[in-house]
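**Q** One structure coming up, written as structure tokens, with questions to follow.
The values are calculated or read from the model by the stated rules, or taken from the named source; none is laboratory data. Since we're looking at a predicted model, the values are computed, not measured. No Cβ is skipped: glycine too gets one built from the backbone with ideal geometry, and neighbour counts run over all protein chains shown. To get the accessible areas, we keep the full protein, side chains included, count just its heavy atoms, and leave off ligands, DNA and RNA. Shrake-Rupley method; radii C 1.70, N 1.55, O 1.52, S 1.80 Å.
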Amino acid sequence: MREERFHMVMEAVEEEFLEEAKQPLPKRRARYSVMAAMAAGIGLLIISSFLLFSLWEKPNTVTAEELLELGYSIFIPDGAQYITYALLTHPEYEAKMAEVTFRISETQYVCRIVATPSVDIEFSDISDTELSYEKQFAAELQWCPARGCYNEGAAGKLVWFDVVPGLLYSMTMDRGASEETLLEMGLAVFSPAQE
Amino acid sequence: MEQDEDLLALFRARAEDAIVLLRERYGRLCRSVAAHILPDERDAEECLNDVCLKVWNAIPPEQPDSMPAYLARVTRNLALDRYDYNHAAKRDSALTEAYEELETCLPLGNGGADATEQEILEKELRRVLNAFLSRQPQEARVFFLRRYWYGERIAEIAEENGVSEEKVKTSLFRTRKRLKAVLEKEGIVL
């Protein structure tokens, strides 16, 4: 019975995807090699912007369990290193904001969550990055409206809003950004409060 | 597909060279698909013979849009038939592991669908699943199909794509989770 269900799903796959699956994936590193130096520079700028211009107060180090007690949860992808958890405060928000950082290979990720009573579809960007980006896109992350912007192969950010629990999210990466990589990592870290 | 027009022309002309060219061009693909379902090399080789015969009998009249995808599907179905035949003796293939992984994300129905209901379900599943796949990042989609359609092992997918096994596992985990959410949202039960 289990196998029948499995085969029913697999039989439904269209041939274009079957053909694609057997082709080599594009080599990301080669594609982005020209941008590598720029990525490093922009990465430093992002870090500087956090340090110099952040409106958020200095973070208090906490544990994942403490964040969970506040209703904040982020999936940590396999292979992540140098993981930190913190709580920040900001005059615009009553609730405290969670910040989780980690590194995968050479890429630094910063994820943030804050609870908000707002239901405005033009939701706020809580990432605190003020860089100008070459590319922008709108998308859906699961059921959540999302906005992203990035410099191809360099820094980028994704912000999304889960309206029912009233949670704003942001995720920034300091290199290797594209629409695809931002959405992929957004999906990887998104831990819906409903589950 | 344009590049296979010569191959299709040979089949249409009923020229036996069609089988030679088919084996030369796609033998490796077909062997790979069969080998992930049939652990015994002899079974996989016999499966390739079955594929040649099946395609010889099917073209014409069939006119595949994509020869590799068509052959992959024919090979997979024939390998599964042979796998079922050998079922009692051998149950240990990469695909068996894949069943178990994917099982948890397939919403369970009561199994009481009649033929008409089953047809509607399959049509709806096709629509929802392919829309879901088209929305996935290419890498996640490729990992998913290599694992669950082609039955490849995680280490093999990682090596062929130059990524870590952890990355493949994480990607598969996330894709299964998203698929489950979509199937449940769309009310698809199997």
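**Q** Out of the residues in the range B:130-180 that are touching a residue at least 40 places away in the same chain (Cβ under 8 Å) and facing chain A (nearest Cβ under 8 Å), which is farthest from residue B:37 (Cα to Cα)?
**A** From the range B:130-180, those touching a residue at least 40 places away in the same chain (Cβ under 8 Å) are B:132, B:136, B:147-153, B:172, B:176-180; that's our starting set.
Next, from what is left, pick out any that are facing chain A (nearest Cβ under 8 Å): B:148-150, B:178.
Details: B:148: 11, B:149: 10, B:150: 8, B:178: 26 Å.
Looking at residues that are touching a residue at least 40 places away in the same chain (Cβ under 8 Å) and facing chain A (nearest Cβ under 8 Å), I get B:178.
**Q** Tell me which of these residue B:144 doesn't satisfy, since it passes every other one: (1) open to solvent by 20 Å² or more (accessible area, probe 1.4 Å); (2) closer than 17 Å to residue A:19 by Cβ.
**A** It is condition (1) that residue B:144 fails.
**Q** If I ask for residues that are among the charged types (D, E, K, R) and free of Cβ contacts under 8 Å to residues at least 12 places away in the same chain, which ones from the range B:49-68 would you list? Break it down stepwise before answering.
**A** Here is the first cut: in the range B:49-68, the ones among the charged types (D, E, K, R) are B:50, B:54, B:62, B:65.
Listed by number, the list holds a single entry, B:62.
**Q** What number of residues within the range A:76-102 satisfy the criterion of being part of a strand (DSSP E or B) and either within 14 Å of chain B (Cβ to nearest Cβ) or β-branched (Val, Ile, Thr) (or both)?
**A** Final tally of qualifying residues: 7.
**Q** Being assigned to a helix (DSSP H, G or I) and crowded, with 22+ Cβ neighbours inside 10 Å is the filter here, so list the residues in the range B:36-47 that pass it. Before the answer, list the steps.
**A** Filtering the range B:36-47 down to residues assigned to a helix (DSSP H, G or I) leaves B:41-47.
Result: B:47, single match.
**Q** Answer yes or no: is there a residue in the range A:26-38 that is within 14 Å of chain B (Cβ to nearest Cβ), at pLDDT 60 or above and either in contact with a Leu (Cβ under 9 Å, 6 or more places away or on another chain) or open to solvent by 30 Å² or more (accessible area, probe 1.4 Å) (or both).
**A** yes
Each row is one residue, and each column tells you yes or no for (1) under 13 Å from residue A:9 (Cα atoms); (2) surrounded by fewer than 15 Cβ atoms within 10 Å (Cβ to Cβ); (3) at the interface with chain A (Cβ under 10 Å from one of its Cβ atoms); (4) modelled with pLDDT of 70 or more.
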{"residue": "B:63", "(1), (2), (3), (4)": "no, yes, no, yes"}
{"residue": "B:69", "(1), (2), (3), (4)": "no, no, yes, yes"}
{"residue": "B:76", "(1), (2), (3), (4)": "no, no, yes, yes"}
{"residue": "B:81", "(1), (2), (3), (4)": "no, yes, no, yes"}
{"residue": "B:123", "(1), (2), (3), (4)": "yes, yes, yes, yes"}
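**Q** Still on this structure: Taking the range B:133-166, which residues are among the acidic types (Asp, Glu) and more than 15 Å from the chain's Cα centre (by Cα)?
**A** We begin by selecting, within the range B:133-166, every residue among the acidic types (Asp, Glu); these are B:139, B:152, B:156, B:159-160, B:165-166.
The answer is B:139, B:156, B:159, B:160, B:165, B:166.
**Q** Looking for something among the aliphatic types (A, V, I, L, M), over 17 Å from residue A:172 (Cβ atoms) and crowded, with 17+ Cβ neighbours inside 10 Å - is there at least one such residue anywhere in the range A:93-111?
**A** Within the range A:93-111, one or more residues are among the aliphatic types (A, V, I, L, M), over 17 Å from residue A:172 (Cβ atoms) and crowded, with 17+ Cβ neighbours inside 10 Å.
**Q** Then there is this: Considering only residues that are buried (at least 19 other Cβ atoms within 10 Å of the Cβ) and in a loop (DSSP other than H, G, I, E, B), which ones fall in the range B:147-181?
**A** B:149, B:150, B:151, B:152
**Q** Can you say whether residue A:125 is modelled with pLDDT of 85 or more and either surrounded by fewer than 13 Cβ atoms within 10 Å (Cβ to Cβ) or of a type outside the set (Phe, Trp, Tyr) (or both), as far as the supplied structure shows?
**A** So residue A:125 passes the test.
**Q** If we keep just the residues of the range B:98-116 that are more than 9 Å from chain A (Cβ to nearest Cβ) and modelled with pLDDT of 75 or more, which is farthest from residue B:171 (Cα to Cα)?
**A** B:116
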